[in-house]
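The block underneath contains the structure these notes are about, expressed in structure tokens.
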Amino acid sequence: MGLEFKLVYLVVLGDAMLISGLVLLVLSVQRFYLPGNVVWYRCPFCKKDWKSSGDKALVHCPHCRQLVHPMIVEK
Ligand SMILES: [Zn+2]
């Protein structure tokens, strides 16, 4: 007990903080690389849905290959 116990405690605490720091870093990196705003679009012609990122005014429908103004679907 005493000094030795405090050192062990500090080492364990340091390890725990290091691990949680790494986990936070990995999570933030993952969030950074994921497309920020994934939304579902619906084609006004074929009424099919697909998932894409961002706000696009005009997209090519992957189902019927038309250039469309997609509707954004809340899922
Ligand atoms: Zn379509």
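The values are calculated or read from the model by the stated rules, or taken from the named source; none is laboratory data. The structure presented is a predicted model; accordingly, all values stated were derived computationally and were not measured. FYI the Cβ positions are ideal-geometry reconstructions off the backbone, even for glycines, and counts take in every protein chain you see. Remember, those area values only see protein heavy atoms, side chains included, never the ligands or the DNA or RNA. Shrake-Rupley method; radii C 1.70, N 1.55, O 1.52, S 1.80 Å.
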ask   = Is region 38-47 home to any residue that is modelled with pLDDT under 80 and open to solvent by 80 Å² or more (accessible area, probe 1.4 Å)?
value = no
request  = Show the residue pairs that are 6+ apart or on different chains and have beta-carbon atoms under 9 Å apart, the first residue being within region 41-58 and more than 12 Å from Ile72 (Cβ to Cβ), the second being surrounded by 13 or more Cβ atoms within 10 Å (Cβ to Cβ) and among the charged types (D, E, K, R).
outcome  = Lys48/Arg42
inquiry  = Which residue is surrounded by the fewest Cβ atoms within 10 Å (Cβ to Cβ), if the candidates are limited to region 52-74 and must be of a type in the set (D, E, K, R) and farther than 12 Å from Arg42 by Cα?
reply    = Asp55
